[in-house]
Amino acid sequence: MLLTAGGQNLVDHLRAQFSAQPPRRLGVAVSGGGDSIALMHLLARSFPGRDVTLLVATVDHGLRPEAASEAALVARQAAGLGLSHETLRWTGWTGEGNLQDQARRARYTLLTEWALRNRVTTLALAHTADDQAETLLMRLSRSAGVSGLAAMAPRRMQNGVVLVRPLLGITRDSLRNFLLSEGIGWADDPSNEDARYDRIKARRALADLAPLGIDAQGLAEVAANMARAREALDWYTFLAARDLTRIDGGDVLLEPRGFRTLPDEIARRMLLHIVGWIGGGEYPPRRAAVAEALAALRHERSGQLGGCLILGQGRRIRFCREHKAVETLTTPQGELWDGRWVLRGPVVKNGELRALGAAGLKLCPDWRLTGRPHAALIASPSVWSGDTLVAAPLAGLTNGWTAELESGEEDFYASLLSH
């Protein structure tokens with residue numbers, strides 16, 4: 001993208017990424033690198049009046065000695081623009097596991113918690129067309145499908161905060177040119193040159209593809225095309241789910257005859273959505289396991305996938321929580337159980353929420369009247385006081401208690417269309 005004086009066309013581009021009524025309080029995640037520094041300055045020019053209050057946050061992972069000085073650089077520049085700034089420090093690294101993955105999770109957790117504390121509903125991130133192209137190449141190396149090749153979404157919800165990426169159509173070079181023309185400094189993270197990381201390998205591969213006419217802007221457009229294709233597939237999956245499924249006590253009931261007529265990709269998407277909605281796994285199951293579960297569904301056999309059971313029940317298939325996945329899960333009364341269940345009722349001394357289990361189900365004389373199978377009910381939420389069963393609402397033992405899904409049953413369908 002070519003620049004006019006003061007990066008005016010970049011400013012116009014940024015303004016266009018927000019609605020006619022942008023959020024009153026807009027957060028900006030700024031690391032100190034060139035992309036995020038440019039985003040902060042461009043947003044300050046995009047919303048110079050009082051209608052939009054910009055707030056800036058920097059995450060210091062505590063992993064590099066330079067991180068503190070980079071956060072101080074952001075603080076100084078933010079103050080020069082009249083913006084409030086806060087440094088968020090991560091202290092959770094134990095030296096074990098995948099550092100990059102844990103740092104990324106921590107970054108988003110810290111940023112969204114900061115946003116909610118400051119009444120910020122929208123948080124701007126500085127991912128560029130180059131980041132989008134690198135992500136696409138990395139996912140291409142893993143033989144990703146349409147959803148994977150759609151790469152990063154321009155906006156998505158996380159932890160109750162809308163994350164927006166208004167620079168996905170802008171290249172890194174355009175932002176650097178803006179900073180240089182304005183005499184604005186930034187900090188370079190040395191890890192951006194470390195070829196041990198897949199992203200850096202993808203960045204170098206992108207440079208090698210340039211003679212073929214394959215560049216960051218073009219690959220970002222490919223990702224946008226894939227995103228539109230994903231939306232079409234999601235819409236078809238949504239319509240099919242409306243026709244073929246219903247919710248019963250947090251389980252999903254599926255009409256198998258109609259399911260067998262679906263195109264393979266729609267069937268796969270529906271299966272993954274059902275399992276993710278019930279099991280809540282952060283990552284989808286492995287492809288081989290998905291293929292095995294699809295084959296079982298096509299032939300009306302029972303199976304297991306992603307912490308869920310697939311139970312054949314004649315003219316319908318029931319997806320329910322697997323007891324093994326929740327048998328040791330215990331939370332205090334009043335807290336969310338299994339990431340989805342809210343149980344309400346009288347205060348119980350030493351009350352806690354657990355999976356009902358086979359022993360607990362024996363204490364529910366009317367469980368067969370619910371029409372729900374044994375395997376589903378033993379994984380359902382129940383209230384206990386020590387070894388005493390207080391209530392198991394889904395198994396017919398209410399005692400003044402109710403069990404409801406935190407997001408409601410309609411979330412199953414609505415979340416098919418949200419990213």
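The values are calculated or read from the model by the stated rules, or taken from the named source; none is laboratory data. Just so it is clear, the model here is predicted, and its values are computed rather than measured. So basically every Cβ, Gly included, is an ideal-geometry build from the backbone, and we count neighbours across all protein chains shown. Side chains included, ligands, DNA and RNA excluded: accessible areas come from the protein's heavy atoms. Shrake-Rupley method; radii C 1.70, N 1.55, O 1.52, S 1.80 Å.
Compared with the direct C-alpha span, the chain from Ser181 to Arg246 gains 17.6 nm at full extension, assuming 0.36 nm per residue. Each 5 Å bin from zero up to the one holding the largest Cα-Cα distance in the range 367-419 carries the following percent of pairs: 4, 17, 20, 21, 16, 10, 7, 4, 1.
The length gained by stretching the chain between Ala72 and Arg156 to full extension, at 0.36 nm per residue less their Cα-Cα distance, is 27.3 nm. The distance separating the Cα centre of the range 260-313 from that of the range 17-66 comes to 41 Å.
Positive end of the dipole of the chain (Cβ unit charges, origin at the Cα centre): among Leu149, Leu14, Ala355, the Cα lying farthest that way belongs to Ala355.
Shape annotation for the range 270-318: C-alpha extents along the principal axes are 31, 20, 15 Å, from largest to smallest. A 1.4 Å probe run over the chain, with the rest of the protein chains in place, finds 50 Å² accessible per residue. Any idea what log10 I(q)/I(0) is at q = 0.10, 0.12, 0.14, 0.23 Å⁻¹ for the range 43-169, Debye with uniform C-alpha scatterers and no solvent? These q points yield log10 I(q)/I(0) values of -0.39, -0.56, -0.77, -1.47. Net charge dipole, the range 279-419: roughly 560 debye, given to the nearest 20, about the Cα centre with Cβ charges of +1 for Lys and Arg and -1 for Asp and Glu.
Rounded to the nearest 10 Å², what accessible area does Val347 have for a 1.4 Å probe in the complete protein model? Probe radius 1.4 Å; accessible area of Val347 about 140 Å². Each Lys and Arg contributes +1 and each Asp and Glu -1, all at the Cβ; summed about the Cα centre of the range 102-193, the dipole is approximately 580 debye. Residue separation of Asn225 and Tyr413 scaled by 0.36 nm, minus their Cα-Cα distance, works out to 65.3 nm of gained length.
Using a simple spin-label model with pseudo-atoms 7 Å out from Cα toward Cβ, Ser19 and Lys201 lie 4.2 nm apart. Computed over the Cα atoms, what is the radius of gyration of the chain divided by 2.2 N^0.38 Å, N being its residue count? Taking the Cα Rg and dividing by 2.2 N^0.38 Å, one obtains 1.14. Compared with the dominant Cα axis of the chain, that is its longest principal axis, helix 99-117 is turned about 90°. Taking only the Cα atoms of the range 224-263, the radius of gyration and Dmax are 12.5, 38 Å. Over the chain, DSSP H runs of length four or greater, each weighted -39,500 (n - 2.57), average out per residue to a 222 nm ellipticity of -12500 deg cm²/dmol. In the chain, the longest principal axis of the Cα atoms and the axis of helix 216-244 are about 20 degrees apart. Accessible surface of the chain, 1.4 Å probe: 52 percent of it comes from carbon and sulfur atoms. Within the range 38-95, the ratio Rg/Rh, alpha carbon atoms throughout and Rh by Kirkwood, equals 1.07.
Summing charges over all other residues whose Cβ lies under 15 Å from the Cβ of Ala20, with Lys and Arg as +1 and Asp and Glu as -1, gives 0. Positive contributions from Lys and Arg (+1) and negative ones from Asp and Glu (-1), summed over other residues with Cβ under 14 Å from the Cβ of Asp35, come out at -2. Between Gln100 and Ala210, the distance separating the two model label sites (each 7 Å from Cα on the Cα→Cβ line) works out to 2.3 nm. For an R0 of 35 angstrom, estimate the FRET efficiency from the Cβ-Cβ distance between Leu405 and Ala79 and round to the nearest 0.05. That gives a FRET efficiency of 0.15. If you look at the Cα atoms of the range 233-334, you get an Rg and a Dmax of 13.6, 44 Å. Value of Rg to Rh for the range 287-419, rounded to two decimals, is 1.00; Kirkwood radius and Rg both from alpha-carbon coordinates. Ordering Leu179, His127, Ala229 by the projection of their Cα atoms onto the charge dipole of the range 98-232, which places +1 on the Cβ of Lys and Arg and -1 on the Cβ of Asp and Glu, puts Ala229 at the extreme positive end.
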